[in-house]
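Bear in mind these aren't lab numbers, they're just calculated from the coordinates by the rules spelled out. Computed from a prediction, not measured in an experiment: that's the story for all the values here. Quick reminder, even Gly has a Cβ in these numbers, built from the backbone with ideal geometry, and neighbours come from all protein chains shown.
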Number of protein chains: 2
Amino acid sequence: MLINELAKRTGLSVHTIRFYERYGFVKGTRNEAARNNYFHYDEEAVQRLELVADAKSVGFTLQEIAELLDAWYGNTYTKSQKRQIMLGKILVLDARIKELRDMKRQLQKCMEEL
Amino acid sequence: MLINELAKRTGLSVHTIRFYERYGFVKGTRNEAARNNYFHYDEEAVQRLELVADAKSVGFTLQEIAELLDAWYGNTYTKSQKRQIMLGKILVLDARIKELRDMKRQLQKCMEEL
DNA sequence: GTCAACCATAGACTATACTCTACTGTTGAC
DNA sequence: GTCAACAGTAGAGTATAGTCTATGGTTGAC
């Protein structure tokens, strides 16, 4: 698919996808035979961008997401390193969940005392 | 206390506190008798800034924090409006907790499949 | 009385994450 | 063959949340 379809599939804007391309979140392939220089994207591109969206919504920075994508799909890390990275992210999430729960408790207490 | 002590008590920098002052997160009082124009802060200022830090760590924007502080300490809203605001924030937190748990589950699944 | 440490205001600078504009080339329906 | 819709690159602009610099006045220990 071309970038426009990828945008529709992921709900991201074409601009944002191009921006993410600079981070290496997705990269299309060019058809040598064609005389245009359009990039083509596959299903993995959709999945990668969905992961980006999910990771962003839980507060990971684009830097962290780059690392996560590499651990998830890439081959720069060994299996053991990948597990380490994933585990690290899980611990961050646990800490964040705790903060959210604490804040919720504070809000509930404040409401009761009103 | 003066701003320097407030910074030490809250762990925020003096710069950040001054920046937050523009948002109305804290405001000091001036001593008319004194010939300086130093601002003095009370214990509520410490509490307010601690709430700001907590709210920030769970992902609220400064705009949202301004509203929360008003609902918490201010008198621009009625009790019923305050409860509405608090409840709104709690629902946001619930949604965010769910996202975090989903992401955690995804990461765990990915780790197992490695 | 002087010097470091503090106070205030105003405004410039930075990082992150987009978002948009300008410009140019390609494709496909009519 | 032309025109809207889409493709690409480069770079400017925006929003949020700080962070720092410049400048000048104040305080208190010595």
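Here are a few things to note about the model shown:
- Net charge in the neighbourhood of A:E43 (other residues with Cβ under 11 Å of its Cβ; Lys, Arg +1, Asp, Glu -1) is -1.
- With all projection directions averaged, the alpha carbon convex hull of segment A:1-59 covers 4.0 nm².
- Per-residue Cβ neighbour rank within 10 angstrom, fewest leading, B:K98, B:K56: B:K98, B:K56
- Per principal axis, descending, Cα span of chain A in whole Å: 70, 37, 19
- In segment A:1-35, the GluC sites (Glu not before Pro) that fall in loop regions by DSSP, at most 11 other Cβ within 10 Å: A:E32
- Note on A:L87 and B:H40: with the Förster distance fixed at 45 Å, the Cβ-Cβ geometry gives a FRET efficiency of about 0.40.
- Other copies of A:Y73: label-to-label distances in nm, shortest first, labels 7 Å along the beta-carbon direction: 4.6
- Length-normalised contact order of segment A:1-59 in % [C-alpha pairs under 8 Å, at least 6 apart]: 36 percent
- Within segment B:28-114, the chymotrypsin sites (Phe, Trp or Tyr not before Pro) that combine a DSSP coil assignment with at most 15 other C-beta atoms in a 10 angstrom radius are B:Y38, B:Y77.
- Segment A:E99-A:A33, length gained on full extension (0.36 nm per residue, minus Cα span): 18.4 nm
- Average beta-carbon neighbours from other chains, 10 Å sphere, peptide B:46-54: 1
- Mean Kyte hydropathy of -1.0 or more with a Cα span along the axis of at least 24 Å, helices from DSSP in chain B: B:79-113
- Applying 0.36 nm per residue to the separation of A:A53 and A:T16 and subtracting their alpha-carbon distance, the gain on full extension is 12.2 nm.
- Counting Cβ atoms of other protein chains within 10 Å of each Cβ in B:102-109 and taking the mean gives 6.
- A dipole drawn for segment A:3-98 from +1 and -1 charges on Cβ atoms has a positive end, and of A:I17, A:N4, A:M86 the residue lying farthest that way is A:M86.
- Copy-to-copy label distances for A:R22, where each label lies 7 Å from Cα along Cα-to-Cβ, are 2.5 nm in order of increasing length.
- Mean ellipticity per residue at 222 nm, deg cm²/dmol - from DSSP H runs of n ≥ 4 across chain B, formula -39500 (n - 2.57): -23000 deg cm²/dmol
- Mean Cα-pair separation over length for chain A, i.e. relative contact order, pairs under 8 Å, 6 or more apart, %: 18 percent
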